[in-house]
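One structure below.
The values are calculated or read from the model by the stated rules, or taken from the named source; none is laboratory data. What you see is a predicted model, and the numbers here were worked out from it, not measured in a lab. Note that we place each Cβ from the backbone using ideal geometry, even for glycine, and neighbour counts take in every protein chain shown.
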Amino acid sequence: MPPEHEVAGSIPAGRIATLDDRLTTTSDSPRGKQLILLTGATGYVGGRLLRALEERGERVRCLTRRPDALATRGEHTGVVQGDVLAIDSLRTALSGVDTAYYLVHSMGSSGSFEEHDRSAASNFATAAREAGVRRIVYLGGLGAGNDLSSHLASRQEVGAILATSGVDTIELRASIIIGSGSLSFDMIRRLVERLPVMVTPRWVRTVAQPIAIEDVIAYLVAARSLEIDRSTVFEIGGADTVSYEGLMREYARQIGVRRVIIPVPFLTARLSSLWLGLVTPVYARVGRKLIDSLPHETVIHDTRALEAFPIRPRGYREAIARALANEDDEIAATRWSDAVSSAGGRPTLAGDVGHAGRLVDTRSVRVDATPAQAFAPIRKIGGDTGWYFADGLWRIRGFLDLLVGGVGLRRGRRDPEELTVGAPLDFWRVEAYEPNRLLRLRAEMKVPGRAWLQFEIEPDGAGSTITQTAIFQPIGLVGRLYWYSLVPLHSVIFGGMLRAIARIAASSPS
């Protein structure tokens, strides 16, 4: 599967090339830094690359059709509104640029995506040459042979167009990108979590050489300063080759589930796209175009990248483990109360807010108490103190957990007053702890999925707001049935717990 980028398209006339005011001055950038143009900054890879460049203190100008999507950016980052299909906007955006990252494609556009890709690349190549850009860095897709899918062939044609622009071009060709939030990783996750038995197309046994998103970003950053004699192509991949079936089995192993995978010969590309769109609806938009690429092996044949770059990519097992860990951090760090409409604590699907498919129950209450007073009962929760409401039901839940081989409530907590990250707390474990502001617990009871319970305190005038959020990532139909069957009980227990915490906080001595 090829890498993911921002999808190119058109914007209304009259809105092209409106520069961010900060780019009209020299005060937006550190002295001595060369200007970088980044396309696709609102996409998956581009967004990660932007973060890496900003952490290095680089001067970055982002070209995007949606400037509002980059409202939060670094001190030395500006935004120009434009379109790769409108060459005038490219001339403005590329003015004064040293290195340009080309991370767009048109797979999600209507009409011929090959023609859109061809026109966009030609426009970019022409504008880059006219602007005197020193280097173009492009992320394309691995694949060899003359019978490539239209999608892979188009990705490689784009690289060839950029390379013949007269501007030194480094094309990095990658296979599946594994990382929290990536299209490839999310497809594997959804298939494994939703289907205990998978009757799959033959392409699940196609061999690929997946690469971790961290390693892709490392290559992209390093490509900017790599010394080359002429435009060149580097094939990049992880330390291992593995089939899609192997990736699904490894993901299942790491999340602790068993899956039966049965490849069958009669699922054509068309039927495969319908099957994938049914099981993972987020892919219905790119369906056939994406599926056409999956039967092609995407492995490295040219190992020059290992000689040219000081990067040693990790294997797919470590990449999956890192993606899961990063995903958990990002899920929990998200303020679900801001992202999800959940007035009254109604359980709500997270939708497409970064982590599709997670179920959320969030509720808030304002109290006339300082953040320290509001946090005091939260800090003491569990163990001998209990859960402030329906403790009998909590004990029953712990007993049921013991019956199925879980940890139950017997662990209690190490200290009745203080908490530390990593400490057990009944059948939870402390995942994050910031005194007087945040407590996040990760469930270790036996459930058909993964669960978190989070408390946040925010100052609110003379008082504070307490926000309580339960997050659940279900595995398969059983996981969803588990969550929805408990919705009435959650409403009672979580609501009662929050009211009790608020009452205790409000009555605490100042």
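L400 fails exactly one of the following numbered conditions: (1) in contact with a Phe, Trp or Tyr (Cβ under 6 Å, 6 or more places away or on another chain); (2) outside any strand (DSSP E or B). What is the number of that condition?
With (1) in contact with a Phe, Trp or Tyr (Cβ under 6 Å, 6 or more places away or on another chain); (2) outside any strand (DSSP E or B) applied to L400, the lone miss is (1).
Which one is surrounded by the most Cβ atoms within 10 Å (Cβ to Cβ), of the residues in the stretch 450-479 that are free of Cβ contacts under 8 Å to residues at least 40 places away in the same chain and within 19 Å of R190 (Cα to Cα)? Quick ask: steps written out before the conclusion?
Kept after step one, since they are free of Cβ contacts under 8 Å to residues at least 40 places away in the same chain, are these residues of the stretch 450-479: 451, 453, 461, 478.
Narrowing further to those that are within 19 Å of R190 (Cα to Cα): 451, 478.
Values: A451: 22, V478: 13.
Checked the stretch 450-479; the qualifying residue surrounded by the most Cβ atoms within 10 Å (Cβ to Cβ) is A451.
Evaluate the stretch 431-439: report whether one residue or more is surrounded by fewer than 20 Cβ atoms within 10 Å (Cβ to Cβ) and among the hydroxyl-bearing types (S, T, Y).
The answer is yes, given that some residue of the stretch 431-439 is surrounded by fewer than 20 Cβ atoms within 10 Å (Cβ to Cβ) and among the hydroxyl-bearing types (S, T, Y).
Could you list all residues from the stretch 480-490 that are over 28 Å from the mean Cα position of the chain (by Cα) and free of Cβ contacts under 8 Å to residues at least 60 places away in the same chain?
Initial filter on the stretch 480-490 (over 28 Å from the mean Cα position of the chain (by Cα)): 485-486, 488-490.
Answer for the stretch 480-490, where residues must be over 28 Å from the mean Cα position of the chain (by Cα) and free of Cβ contacts under 8 Å to residues at least 60 places away in the same chain: S485, L486, P488.
What tally of residues in the stretch 400-422 results from selecting those that are surrounded by 17 or more Cβ atoms within 10 Å (Cβ to Cβ) and either more than 23 Å from G479 (Cβ to Cβ) or outside the structural domain of Y484 (by TED's automatic domain parsing) (or both)?
Residues that pass the stated criteria total 3.
If you go through the stretch 35-51 one residue at a time, do you hit one that is more than 18 Å from the chain's Cα centre (by Cα) and either part of a helix (DSSP H, G or I) or without any contact (Cβ under 8 Å) to a residue 12 or more places away in the chain (or both)?
For the stretch 35-51, residues more than 18 Å from the chain's Cα centre (by Cα) and either part of a helix (DSSP H, G or I) or without any contact (Cβ under 8 Å) to a residue 12 or more places away in the chain (or both): absent.
Kindly provide the set of residues from the stretch 390-413 that are charged (D, E, K, R) and touching a Lys or Arg at 6+ places or on another chain (Cβ under 7 Å), ordered by number.
Filtering the stretch 390-413 down to residues charged (D, E, K, R) leaves 391, 395, 397, 401, 410-411, 413.
The answer is D401, and nothing else.
For residues in the stretch 80-112 being more than 18 Å from A131 (Cα to Cα) and buried (at least 18 other Cβ atoms within 10 Å of the Cβ), which is modelled with the highest pLDDT? Even if it seems obvious, please write down each step before you answer.
Taking the stretch 80-112 as the starting set, the residues that turn out to be more than 18 Å from A131 (Cα to Cα) are 103-112.
In the following step, the residues that additionally are buried (at least 18 other Cβ atoms within 10 Å of the Cβ) were identified as 103-107.
Working: L103: 90, V104: 84, H105: 74, S106: 59, M107: 52.
Applying the filter and picking the extreme gives L103.
I'm checking my understanding of the structure. Among residues of the stretch 253-273 that are surrounded by 10 or more Cβ atoms within 10 Å (Cβ to Cβ) and among the basic types (K, R), which one is modelled with the lowest pLDDT?
Filtering first and then ranking leaves R270.
Only one residue in F234, F185 is touching a strand residue (DSSP E or B) at 6+ places or on another chain (Cβ under 7 Å), farther than 30 Å from R358 by Cβ and either of a type in the set (F, W, Y) or free of Cβ contacts under 8 Å to residues at least 24 places away in the same chain (or both), so which one is that? Before you say what the answer is, go through the steps one by one.
On the way: F185 fails: farther than 30 Å from R358 by Cβ.
One residue alone meets the criteria, F234.
For A212, work out the one condition from (1) crowded, with 18+ Cβ neighbours inside 10 Å; (2) over 27 Å from L37 (Cβ atoms) it doesn't fulfil.
Of (1) crowded, with 18+ Cβ neighbours inside 10 Å; (2) over 27 Å from L37 (Cβ atoms), only one is false for A212: (2).
Only one of (1) under 21 Å from T126 (Cβ atoms); (2) crowded, with 21+ Cβ neighbours inside 10 Å; (3) modelled with pLDDT under 85 is not met by Y44, so which one is it?
Unmet condition: (1).
Being of a type outside the set (F, W, Y), touching a residue at least 60 places away in the same chain (Cβ under 8 Å) and closer than 16 Å to T303 by Cβ, is that true of even one residue in the stretch 240-252?
Yes, there is a match, as at least one residue in the stretch 240-252 is of a type outside the set (F, W, Y), touching a residue at least 60 places away in the same chain (Cβ under 8 Å) and closer than 16 Å to T303 by Cβ.
Within the stretch 480-502, track down each residue that is farther than 30 Å from R189 by Cβ and touching a helix residue (DSSP H, G or I) at 6+ places or on another chain (Cβ under 9 Å).
V492, G495, L498, A500, I501, A502, listed by residue number.
Given the criteria without any contact (Cβ under 8 Å) to a residue 40 or more places away in the chain and under 21 Å from G495 (Cα atoms), does A423 qualify? Give the derivation first.
Details: without any contact (Cβ under 8 Å) to a residue 40 or more places away in the chain: yes; under 21 Å from G495 (Cα atoms): no.
So A423 fails the test.
Among the residues of the stretch 381-389, are any buried (at least 18 other Cβ atoms within 10 Å of the Cβ), touching a Lys or Arg at 6+ places or on another chain (Cβ under 7 Å) and not assigned by TED's automatic domain parsing to the domain that holds I188?
So far as the stretch 381-389 goes, yes, one or more of its residues are buried (at least 18 other Cβ atoms within 10 Å of the Cβ), touching a Lys or Arg at 6+ places or on another chain (Cβ under 7 Å) and not assigned by TED's automatic domain parsing to the domain that holds I188.
Hey, among the residues in the stretch 157-172 that are in a helix (DSSP H, G or I) and among the aliphatic types (A, V, I, L, M), which one's surrounded by the most Cβ atoms within 10 Å (Cβ to Cβ)?
Taking the stretch 157-172 first, the residues in a helix (DSSP H, G or I) are 157-163.
Those still in the list that are among the aliphatic types (A, V, I, L, M) too: 158, 160-163.
Numbers: V158: 26, A160: 14, I161: 21, L162: 24, A163: 20.
Only one residue fits best here, namely V158.
Residues checked against (1) of a type in the set (D, E); (2) at pLDDT below 80; (3) outside any loop (DSSP other than H, G, I, E, B); (4) under 19 Å from I236 (Cα atoms):
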| residue | (1), (2), (3), (4) |
| --- | --- |
| W275 | no, yes, yes, no |
| R285 | no, yes, no, no |
| R288 | no, yes, yes, no |
| H296 | no, yes, no, yes |
| A305 | no, no, yes, yes |
| R314 | no, no, no, yes |
| A321 | no, no, yes, no |
| E327 | yes, yes, yes, no |
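Taking the residues in the stretch 452-510 that are in contact with a Ser or Thr (Cβ under 6 Å, 6 or more places away or on another chain) and β-branched (V, I, T) as candidates, determine which candidate is farthest from F375 (Cα to Cα). Break it down into steps so the answer makes sense when it comes.
In the first step, residues of the stretch 452-510 are kept if they are in contact with a Ser or Thr (Cβ under 6 Å, 6 or more places away or on another chain); the result is 454, 456-458, 465, 467, 469.
Subset that is β-branched (V, I, T): 457, 465, 467, 469.
Numbers: I457: 7, T465: 10, T467: 11, T469: 15 Å.
Among them, the one singled out is T469.
Rundown of residues vs (1) within 30 Å of I475 (Cβ to Cβ); (2) of a type in the set (D, E, K, R); (3) at pLDDT 80 or above, yes/no style:
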| residue | (1), (2), (3) |
| --- | --- |
| A153 | no, no, no |
| V158 | no, no, yes |
| I161 | no, no, yes |
| T169 | no, no, yes |
| A174 | yes, no, yes |
| S184 | yes, no, no |
| R190 | yes, yes, no |
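Across the stretch 383-393, what is the number of residues that are touching a residue at least 24 places away in the same chain (Cβ under 8 Å) and either of a type in the set (V, I, T) or on the phi < 0 side of the Ramachandran plot (or both)?
In the first step, residues of the stretch 383-393 are kept if they are touching a residue at least 24 places away in the same chain (Cβ under 8 Å); the result is 383-385, 387-390, 393.
Subset that is either of a type in the set (V, I, T) or on the phi < 0 side of the Ramachandran plot (or both): 384-385, 387, 389, 393.
Number satisfying all stated conditions: 5.
Which number in (1) at pLDDT 90 or above; (2) part of a loop (DSSP other than H, G, I, E, B) marks the one condition that E418 misses?
(1)
From E130, E115, which residue is more than 26 Å from the chain's Cα centre (by Cα), surrounded by fewer than 24 Cβ atoms within 10 Å (Cβ to Cβ) and modelled with pLDDT of 85 or more? Break it down into steps so the answer makes sense when it comes.
Numbers: E115 fails: modelled with pLDDT of 85 or more.
One residue alone meets the criteria, E130.
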